[in-house]
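Undergrad: The structure follows.
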Amino acid sequence: MPVDDVGIYTDRTSFFGFVGLQSDTAASFGMRKPKTRVQRESTALLSITTNRVVCFMKTLITTFLAIGLVAGTAFNLAAEELDGAKLYMTKTCFSCHGKDAKTPILPIYPKVAGQNPDYAYNQMLDIKSGARSNGQTAAMKGIMHLVSDEELRAIADWLGSLQ
């Protein structure tokens, strides 16, 4: 690699154009050769700074990818450990359908205890997506965006296990 008189490699490009290129390469692109030592040193410093930024960005990207993999693994573990009974309470299902899922607060709300899990899950998905909008679905529609599909499945399975 070519080295200028201050010991800096001069054939690298940077984010900022053709800074740091060899003088003959720079001339072929219509750039002027740095005339003074200060110009050469500032060009070289800019090239070094650019290389450090590139290294930092690579490190940053690698770190974020690693965090994403760890978070993805943690999310999958959390999905496997979902407790339908706890979710039923924390997602406020009990406030309309009753704590035992058998005694709703109004007679127009359904008793959901013992419901077929697949049926309950599909009904909840339809309410969440808007495919079902009849009856009292408006009351649930405002809450359903807070519940993930995995959580809906856990709640539906728990409801199906009740007698």
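Where a number appears in this text, it was derived from the coordinates with a stated rule and is not lab data. These numbers come from a predicted model, not from an experiment. Please note: Cβ atoms are built from the backbone with ideal geometry, for glycine as well, and neighbour counts cover all protein chains shown.
Undergrad: Would you mind computing, in nm to one decimal, how far apart the modelled labels at Arg37 and Thr137 are, each placed 7 Å from Cα along Cα→Cβ?
TA: Between Arg37 and Thr137, the simple spin-label model gives 8.0 nm.
Undergrad: Right, another one. Express in nm, to one decimal, how much length is gained between Ser129 and Leu60 on full extension, taking 0.36 nm for each residue of separation and deducting their alpha carbon distance.
TA: Numbers: separation 69, 0.36 × 69 = 24.84 nm, distance 3.72 nm.
Result: 21.1 nm gained on full extension.
Undergrad: Ordered by residue, what ³J(HN,Hα) values in Hz, to whole numbers, does the range 86-94 give under the Karplus form 6.51 cos²θ - 1.76 cosθ + 1.60, where θ = phi - 60° and Gly and Pro are x?
TA: Result, ordered by residue: 5, 5, 4, 7, 6, 8, 6, 4, 4 Hz.
Undergrad: Under the Karplus relation 6.51 cos²θ - 1.76 cosθ + 1.60, θ = phi - 60°, what is the ordered set of whole-Hz ³J(HN,Hα) values for the range 115-132, x standing for Gly and Pro?
TA: 3J(HN,Hα) across the range 115-132, in whole Hz: 5, 4, x, 5, 5, 4, 4, 5, 5, 5, 5, 5, 5, 4, 7, x, 5, 10.
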